[in-house]
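See below for the structure under consideration.
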């Protein structure tokens, strides 16, 4: 029996590329998106379409049920859906913050929560589980991005969710990893128009299809020993993102006097590697 994958936001762009790549690899696919594009992609690859809102609690549950009802199982969840509402922080509205955080962060959590409940039940019933979750963060989530405070915060939140889920769900046979892709999509068209134009000839480094081979492999049974990891991927590049970890430390056996904190912190910074620059910072 073929493995079954749910891909959110799979009507266009990177999500559509994932759907085609998983289908080509022999997976049974559930194509999720809010509009008719989901049905179009599903028809193209002989898959099942779902048009539920992944950031809606009941909608996310129906999405998982779609896979179980159609195929009788679920093996892989690719959380990909999202959009941007870019503004500098001083111009960012409450609704623009709430909408982006809802779709990206809750839109990752809700399908993950319902899929995890299913896998836990399978594990407790004694049925083998080799499940995979691939979340989608961003360079903005890793480093920050000027003009994208809402998006960067949501994508950083996805990293924390990924690490926590990897630690909690491993006991049930579930791995959880994240990718930070760069590709030409509707979401990036305005922000990176110059860099992301398709070349007249040769390798198109910004094609969405370049991202999908890593995602398909992370969804495979072969990747069962990889969890809690983050990969940047674009063009022909795969980079293991080595994130927050404890660096230089100074410690004493008493409370620090304020007058001595400054020199101690500066000494730590002198020993540390400089952070990567925020995207768009001068």
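Derivation of every value follows stated rules applied to the coordinates shown; laboratory data play no part. Keep in mind that this is a model prediction, so the values were computed, not measured. Here the Cβ positions follow ideal geometry from the backbone for every residue, glycine too, while neighbour counts run over all protein chains shown.
Using the scaling law 2.2 N^0.38 Å as the reference, what is the normalised Cα Rg of the range 232-282?
1.72
Subtracting the Cα-Cα distance from 0.36 nm times the residue separation, let me have the gained length for residue 255 to residue 222 in nm, one decimal.
Extra length available between residue 255 and residue 222 comes to 6.9 nm.
Taking every Cα atom in the range 29-130, find the radius of gyration and the maximum pairwise distance Dmax, and write them in Å.
15.8, 53
Counting pairs of alpha carbon atoms under 8 Å apart in space and at least six apart in sequence, what relative contact order in percent does the range 10-162 give?
21
Expressed as a whole number of Å, what is the distance separating the alpha-carbon centroids of the range 107-147 and the range 219-260?
A separation of 19 Å, based on Cα centres.
Please provide three numbers in whole Å: the alpha-carbon extents of the range 4-240 along the principal axes, with the largest listed first.
52, 41, 35
Using Cα-Cα distances under 8 Å and only pairs 6 or more residues apart, what relative contact order does the chain have, in percent?
Averaging sequence separation for qualifying contacts and normalising by length gives 17 percent for the chain.
Measure nothing but the geometry: give the 0 to 90° angle between the long axis through the Cα atoms of 258-271 and the longest principal axis through the Cα atoms of the chain, rounded to 10°.
It works out to around 60 degrees.
Taking the alpha-carbon set of the range 127-175, what are its Rg and Dmax in Å?
13.6, 47
For residue 282 and residue 102, what does the FRET efficiency come to when R0 = 22 Å and r is the distance between their Cβ atoms, rounded to the nearest 0.05?
The formula returns an efficiency of 0.10 here.
Quick check: the angle from helix 149-169's long axis to the longest principal axis of the chain, C-alpha only, nearest 10 degrees?
70
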